[in-house]
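The values are calculated or read from the model by the stated rules, or taken from the named source; none is laboratory data. All values derive from a computational prediction rather than experimental measurement. Note: ideal-geometry Cβ built from the backbone for every residue, glycine included; neighbour counts use all protein chains shown. Just the protein is used for accessible areas: all its heavy atoms, side chains included, with ligands, DNA and RNA removed. Shrake-Rupley method; radii C 1.70, N 1.55, O 1.52, S 1.80 Å.
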Amino acid sequence: MIFAGIVAGGCGSRVKSAVIPKQFIEIGGVPVIVRTVRAFLAVEEIDMVYVGIKPDWHEYTDELVRVIDGGADRNGTVMNIAEAIVAEHGENERDIILTHDAVRPFVTEKIIKDNIKAMREHSACGTYMPAVDTIIRSDGEKVRETLNRSELYQAQTPQTFRLGDLRRNYYSLSEEQNKKLTDTCSVFTACNEDIYLVVGDALNFKITTDSDLRMANALAELNEK
């Protein structure tokens, strides 16, 4: 089976204009999380969508998808989703989980299907965009080094894995190691396992700030025309 795990446990503190978590803000009259879930439900290969969310918001989303408690951090939420899948469906070595940020509502069908396709030959893949700006290394005060842009990529989601491999790798790491990881692909790199690159899309951006929210509203309005 192929599952989607939508990570929606954050509070969105960097969107200063928001009075509710950013995944529930409406863009174009539709909550961000609903747009994100719809993108996965529209792909016929996806068997079921799980959403990891704070308990206070279960009632809001429970009729739409399978809702479970979010964890203390991103990977904690992912693993709560993974354990819920195994508890309900058992563990099959061919099961796949696509993990995705709830606040990337403009993920395309192509990106989702390219992630699924990559899993025919690989045990893990992530969505990435080549860096288009010059990237420097700094101590926060001075430029220390200009990095080779041709080797730099910006990570997006989905990040997709064999469910069994994800659980095995995550639980092989110590709690201290897991706390240092910034995304779920890092679980595999920490275990010296390869991550296959899937090409992302500039519109698959993450709503993090008020500027992102304004851009999302403009894009939603444009798509409605």
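Shape summary: segment 62-159 maps onto an equivalent ellipsoid whose semi-axes, from the alpha-carbon gyration tensor, are 33, 18, 13 Å in decreasing order. Rolling a 1.4 Å probe over the protein heavy atoms gives segment 161-202 an accessible area of 57 Å² per residue. Measuring nothing but protein heavy atoms, the accessible surface of the chain at 1.4 Å probe radius is 47 percent carbon and sulfur. Once the Cβ-Cβ distance between V132 and K179 is put in as r, and R0 is 35 Å, what FRET efficiency do you end up with, to the nearest 0.05? About 0.65, to the nearest 0.05. For the pairs K179/K206; K54/K179; K22/K117, note any where the Cα-Cα span goes beyond 27 Å. Check vs 27 Å cut-off fails for K22/K117. Semi-axes of the equivalent ellipsoid of the chain are 25, 24, 18 Å, computed as sqrt(5λ) over the eigenvalues of the C-alpha gyration tensor in descending order.
Under the rule of -39500 (n - 2.57) per DSSP H run of 4 or more residues, summed and divided by the residues of the chain, what mean residue ellipticity at 222 nm is obtained, to the nearest 500 deg cm²/dmol?
Helix-only estimate at 222 nm: -9500 deg cm²/dmol.
Per residue, how much accessible surface does segment 74-140 expose to a 1.4 Å probe? Answer in Å², no decimals.
Each residue of segment 74-140 exposes 46 Å² on average to a 1.4 Å probe.
Please work out whether segment 109-221 counts as rounded, prolate or oblate from its C-alpha gyration tensor, where a ≥ b ≥ c are the square roots of the eigenvalues and a/c under 1.5 means rounded, while otherwise a/b larger than b/c means prolate and anything else oblate? Cα axes put segment 109-221 in the oblate bin.
Taking R0 as 45 Å, what FRET efficiency do you get between C191 and T146 from their Cβ-Cβ distance, rounded to the nearest 0.05? E between C191 and T146, to the nearest 0.05, is 0.90. Here the peptides 117-128, 133-144, 36-47 are ranked by packing, the mean other Cβ count within 10 Å, and the order with the highest first is 117-128, 36-47, 133-144.
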